[in-house]
1. Determine the calculated [θ] at 222 nm for the chain from helices alone, applying -39500 (n - 2.57) to every DSSP H run no shorter than 4 residues and normalising by the residue count; nearest 500 deg cm²/dmol.
2. Sort all Cα-Cα distances of the chain into consecutive 5 angstrom bins from zero, then give the percent of pairs in each bin up to the one containing the longest distance.
3. Compute the angle between helix 22-39 and the longest alpha-carbon principal axis of the chain, please, reported from 0 to 90 degrees and rounded to the nearest 10.
4. Residue farthest toward the positive end of the dipole of the chain, with Cβ of Lys/Arg at +1 and Asp/Glu at -1: which of 42, 66, 99?
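What follows draws every value from the coordinates through simple rules; no lab data is involved. On a predicted model such as this, the values are computed, not experimentally measured, just so you know. Using ideal geometry, Cβ is built from the backbone for each residue, glycine included, and neighbour counts are taken over all protein chains shown.
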Amino acid sequence: MAFEWPVRVYIEDTDFGGIVYYVNYLKFMERARTELLRQQGYSQQRLSSDHCLFVVHSIDARYVKPARLDDELIVHTAIEQRGGASVLFEQRVVDASSGDLLCEGRVRVACVNSQGFKPRRWPADLVKSLI
C-alpha cells in the first residue's frame with residue numbers, strides 16, 4: 001500500500017540557515033506513518049486500549065536536497081518488509097511542486113505490549129490492510 005501525506009514547512013521547522021532542520025524530516029515521516037495508521041482505523045486511542053505501542057527500532061536516512069520555509073512537501077510511505085513484531089517502512093519526502101527527492105529513509109517500527117514493553121505481533125487486521 002502506498003500512502004501520501006502533505007506537509008508545509010513552517011518557521012519552527014527551519015534552522016538558522018533558513019532550511020528544514022534535518023531531524024524535522026524524521027518528524028514529517030513519523031506524522032505520515034501515524035496518519036497511515038489512523039486511515040486504517042488505528043488511532044492512538046485504539047492502540048492504547050489494545051495495549052499496543054509502536055516504537056522506532058531503527059532508522060536509516062539520507063538527506064538529498066534542502067526544503068525551505070513555506071515549501072509544500074509530500075511524504076510517501078510504503079511497506080518494504082513485514083515480520084511478526086516489526087514492519088519496515090520506506091519513506092520519501094519530495095517537493096510537491098517539482099517532485100524532487102529531498103530526503104529518504106527506511107524506518108523499522110516494532111510493536112510492543114504497553115504493559116511490559118515486550119515484543120508482540122502487529123495486529124493481524126492492520127497488517128492485512130497495509131498490504
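1. Theoretical 222 nm ellipticity from helices: -7000 deg cm²/dmol.
2. 2, 10, 20, 22, 17, 13, 9, 5, 1, 0
3. The angle comes out at about 50 degrees.
4. Positive-end residue among those listed: 42.
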